[in-house]
1. With the requirement that a residue be under 18 Å from B:Arg58 (Cβ atoms) and open to solvent by less than 30 Å² (accessible area, probe 1.4 Å), what does the range B:233-243 give you?
2. Please go through the range B:337-363 and give me each residue that is in a helix (DSSP H, G or I), open to solvent by less than 10 Å² (accessible area, probe 1.4 Å) and under 21 Å from B:Trp255 (Cβ atoms), ordered by number.
3. Answer yes or no as to whether B:Asn269 is open to solvent by less than 10 Å² (accessible area, probe 1.4 Å), assigned to a helix (DSSP H, G or I) and in the same structural domain as B:Ile83 (by TED's automatic domain parsing).
4. How many of the residues in the range A:39-48 are part of a helix (DSSP H, G or I) and either without any contact (Cβ under 8 Å) to a residue 40 or more places away in the chain or surrounded by fewer than 20 Cβ atoms within 10 Å (Cβ to Cβ) (or both)?
5. Could you look through the range B:21-38, keep only residues that are part of a helix (DSSP H, G or I) and at the interface with chain A (Cβ under 7 Å from one of its Cβ atoms), and pick out the one that is farthest from A:His41 (Cα to Cα)?
6. Does the range B:308-321 contain at least one residue that is surrounded by fewer than 24 Cβ atoms within 10 Å (Cβ to Cβ), under 20 Å from the mean Cα position of the chain (by Cα), assigned to a helix (DSSP H, G or I) and aromatic (Phe, Trp, Tyr)?
7. Can you find a residue in the range A:55-74 that is within 10 Å of chain B (Cβ to nearest Cβ) and in a helix (DSSP H, G or I)?
2 protein chains.
Amino acid sequence: MTRAYNFSAGPATLPEAVLRQAQAEMLDWNGTGASIVELSHRGAEFMAVAAQAEADLRALMSIPDDYAVLFLAGGATTQQALIALNFASPGQVADYVVTGHWSKTAIRQVRPYVDVHVAASSEEPDGGFRSIPPRAQWQLSDDAAYVHITANETIHGVEFRDTPDVGAAPLFADFSSSIASEPVDVSKYGLIYAGAQKNLGPVGISVLVVRRDLLERAGQPRADIFTYASHAARDSMLNTPPTWNWYLLGLTVRWMLEQGGVEEFARRNAAKSALVYGAIDGSGGFYRNEVAPAVRSRMNIPFFLPDDTLTTRFLSESKAAGLLALKGHKAVGGLRASLYNAMPVEGAQALVDFMADFQRRNG
Amino acid sequence: MTRAYNFSAGPATLPEAVLRQAQAEMLDWNGTGASIVELSHRGAEFMAVAAQAEADLRALMSIPDDYAVLFLAGGATTQQALIALNFASPGQVADYVVTGHWSKTAIRQVRPYVDVHVAASSEEPDGGFRSIPPRAQWQLSDDAAYVHITANETIHGVEFRDTPDVGAAPLFADFSSSIASEPVDVSKYGLIYAGAQKNLGPVGISVLVVRRDLLERAGQPRADIFTYASHAARDSMLNTPPTWNWYLLGLTVRWMLEQGGVEEFARRNAAKSALVYGAIDGSGGFYRNEVAPAVRSRMNIPFFLPDDTLTTRFLSESKAAGLLALKGHKAVGGLRASLYNAMPVEGAQALVDFMADFQRRNG
């Protein structure tokens with residue numbers, strides 16, 4: 001079949017131009033006689049690819065020079081654990097703001113290492129999350145190692161629409177599902193981390209942006225491989241990095257720059273999410289999204305039909321129509337459309353057209 | 001250019017058939033309308049790919065049912081740290097046998113967690129490693145959490161040619177650069193781990209084979225993401241795994257089975273290494289390998305020329321002849337040929353032919 005519109009929450013759709021380039025270069029990268037996945041990470045060829053990816057990501061996100069950028073194997077959950085090991089003393093207080101599933105996962109990873117203080121939570125009696133606690137209600141600690149937020153909740157579809165001021169403690173943020181989707185003032189954060197598989201490229205690599213002075217913190221006893229300062233000192237080549245994933249991330253970031261950078265993607269992401277929320281809100285209740293409008297996610301839109309029979313039918317018919325992976329996460333149910341950077345506006349339009357047609361036939 | 005013979009120590013050469021399949025499927029995997037790197041790890045399509053890779057690896061390595069097989073993001077260095085966290089109590093003794101650079105790296109990762117006892121070391125006064133201490137000389141602890149060996153030393157070119165009997169403590173082995181290169185009796189080991197980027201496929205994923213009863217050990221306080229038992233309980237999908245890397249590993253393992261399995265690769269690897277060692281030993285001292293013949297690695301062959309001028313010339317001329325990545329690791333210098341499963345016998349023959357010609361012109 002031809003390429004479908006893939007609304008997967010991650011791993012997620014990639015730019016077709018990036019996949020075509022990776023395909024063309026698969027057996028022979030740049031005339032070397034070998035694939036990029038076969039080249040030594042210590043060779044001049046891959047070192048140049050890696051350095052270009054960092055330079056391009058710095059340009060894309062306007063990352064200040066006093067921030068290190070690390071490219072690390074694995075996903076964001078590993079970083080959730082490592083931030084406590086690297087930046088908090090054993091048992092020190094760390095403040096967490098809980099706005100959905102991934103905020104809770106972040107807390108679970110660090111309980112062995114820090115004294116977790118939930119500064120605020122928007123969890124509702126039914127276990128759902130449909131809002132973000134107003135900043136004025138947060139109970140921040142006086143001496144927290146850091147304050148942690150989840151910039152966008154992939155499962156619950158709740159997104160911070162501005163950067164909270166948390167005072168003296170550095171603000172750490174899980175940006176896994178919204179990194180580089182709009183301009184962000186990095187200097188307001190002590191640390192930003194993200195698995196790459198939503199907005200930055202392929203699965204299997206994470207990006208960590210950290211203010212360099214924080215790398216001097218002693219943290220907790222740990223292996224060298226768990227030490228961000230060691231990774232920073234070796235340009236993320238402390239051990240063999242996931243080179244192919246880094247390469248594909250680099251191609252994706254370059255593509256984003258060529259498309260117009262984060263300003264352009266902010267425009268597209270606003271347009272895409274406006275289309276889908278408009279279709280939901282204009283359906284007279286046939287489709288429902290329950291998140292407070294001011295903090296609705298531009299990236300992940302969970303929505304519901306009146307009953308499970310319709311949900312099942314929607315999933316099978318949308319898949320047949322070339323609209324993939326619209327099933328909601330099991331923690332929430334229903335449907336979910338993820339609209340990351342690589343999803344074109346045409347994809348959101350195709351979804352909205354399908355939604356209207358489905359309602360006509362079933363509403 | 002056409003495909004070269006790539007002697008990189010890792011990331012390393014892959015079977016051309018595997019790269020061609022990955023290339024063909026890059027934009028549309030199996031008629032799904034999406035690349036495998038864009039598919040959800042929770043979807044039926046990728047779940048089947050993952051399960052097939054495990055089944056094929058179990059068949060390839062004859063892994064008993066009472067062993068779990070984990071597919072984990074990142075490289076072997078991370079596993080070196082995690083084995084102590086998972087299988088040793090805080091400060092418990094762990095025995096290490098030191099036979100090269102990677103044995104020492106393994107120790108460095110666990111010093112914060114265990115009482116490291118070096119049961120034996122073949123380090124020489126000049127810092128080199130050219131042998132393996134005879135088993136009779138090992139000083140094993142009475143109550144070690146485990147005994148750790150490095151089955152093959154990628155940098156120093158020293159390889160265990162049999163499995164040592166270490167008594168009651170489970171034997172843990174870093175098989176990063178020799179996994180699935182010949183038949184191994186897995187039941188003699190408590191745990192085997194390996195980065196995949198040498199013999200099993202692409203960089204960015206590691207394989208861990210562990211006797212299931214060991215997963216019941218309490219280990220040390222740690223995050224859930226660092227807990228092997230949690231990964232095992234979720235079929236290595238505790239968090240988003242490196243799906244593309246897992247897929248490419250699966251293609252490579254399937255290719256190995258189709259080629260005849262580990263018996264066939266044992267034959268090829270013996271033939272390849274015999275060719276290169278034969279060329280070295282038959283050169284009248286022009287080429288030198290310093291490792292004790294009984295423990296010479298079949299996978300990584302460090303060798304030396306009489307002087308640095310010749311070494312530089314050898315590297316530039318061999319590269320021009322389509323023989324890539326023959327530079328030795330900086331810790332050892334000289335040259336190194338890595339002859340993993342995906343290197344055909346023809347590649348070793350081409351190297352040997354070049355070595356003879358180079359000697360004729362420069363000897």
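1. B:Ser236, B:Met237, B:Pro241
2. Listed by number, the residues that qualify are B:Gly347, B:Ala348.
3. no
4. So the count comes out to 4.
5. Step by step, filter the range B:21-38, then rank; the result is B:Glu38.
6. There is no residue in the range B:308-321 that is surrounded by fewer than 24 Cβ atoms within 10 Å (Cβ to Cβ), under 20 Å from the mean Cα position of the chain (by Cα), assigned to a helix (DSSP H, G or I) and aromatic (Phe, Trp, Tyr).
7. No, that holds for no residue.
Here's the yes/no breakdown for (1) farther than 24 Å from B:Trp102 by Cβ; (2) not hydrophobic (A, V, I, L, M, F, W, C):
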site	(1), (2)
B:Ser177	no, yes
B:Ala196	no, no
B:Asn199	no, yes
B:Ala229	yes, no
B:Asn239	yes, yes
B:Leu249	no, no
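The values are calculated or read from the model by the stated rules, or taken from the named source; none is laboratory data. For clarity, every value in this text was computed on a predicted model and none was experimentally measured. Note that we place each Cβ from the backbone using ideal geometry, even for glycine, and neighbour counts take in every protein chain shown. Side chains are part of the model used for accessible areas, which takes the heavy atoms of the whole protein and leaves out ligands, DNA and RNA. Shrake-Rupley method; radii C 1.70, N 1.55, O 1.52, S 1.80 Å.
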